[in-house]
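The values are calculated or read from the model by the stated rules, or taken from the named source; none is laboratory data. Worth saying up front: this structure is predicted, and the values here are computed from it rather than measured. Positions of Cβ are backbone-derived with ideal geometry, glycine not excepted, and every protein chain shown enters the neighbour counts.
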């Protein structure tokens, strides 16, 4: 097969688009996790973490191409009728672990955000080293990329095409990483939204891992959350955040008018009492 054939170029474009779409939640995690590194090293941590992860992704791609049957091979089962039933393989274990870790990260950050000031400052002082943060970014990058690589293998069977898409996707992530982090830093109100998006990502990974393991809890099968459902939930979260923000501004404006004793700007009934 010709390397620069129309088929391969089409597959490359589709794979780059796939990497870009699936890289959104990855970038969000990287932006939030990198905050725990020393401030002067956060940008470096993000870029090195993504670059190292790209190298490991290509290695993972090569390994999956040659060992795909072992990844899907059952490892152990859990049989507790009426409570928990499932058959786990390496693929499902990796995805389930990723979901649990993402949920833990989101809940931890939400807890710190709601904690009293002294507790929050104490948690800020316990920052991680640059190496520790890079290691976490690389590990979660690989977990996020596991399914994208399997999806890529369904679109193309040419290693160089898939590897090129991974490299281009990594370059785009490095380019956008600082911008996403700076945006969240300057617009702290969106950080809460980002954490709940991350929470939904964790749930999506758990449902995906549960379906891969044919997991049944209390006799009910765990079914994978579709990408359509995922993006619909994200759209609802964003819309809710926008409406809440505007409504809050309206309430603040009305309160100021009431305190000043002036006419309500949305009423024609005269002065407020």
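Miscellaneous remarks
- Residue 111 fulfils the conditions (1) over 30 Å from residue 8 (Cα atoms); (2) at pLDDT 75 or above; (3) in a helix (DSSP H, G or I); (4) touching a helix residue (DSSP H, G or I) at 6+ places or on another chain (Cβ under 7 Å) except for a single criterion, (4).
- Taken over segment 76-103, the criterion of being modelled with pLDDT under 80 and loosely packed, with under 14 Cβ neighbours inside 10 Å is satisfied by 82 alone.
- Only one of the listed residues (177, 154) is modelled with pLDDT under 85, exposed (fewer than 15 other Cβ atoms within 10 Å of the Cβ) and assigned to a helix (DSSP H, G or I). That residue is 154.
- Criterion: surrounded by fewer than 16 Cβ atoms within 10 Å (Cβ to Cβ), part of a helix (DSSP H, G or I) and either touching a helix residue (DSSP H, G or I) at 6+ places or on another chain (Cβ under 7 Å) or modelled with pLDDT under 80 (or both) - qualifying residue of 124, 132: 124
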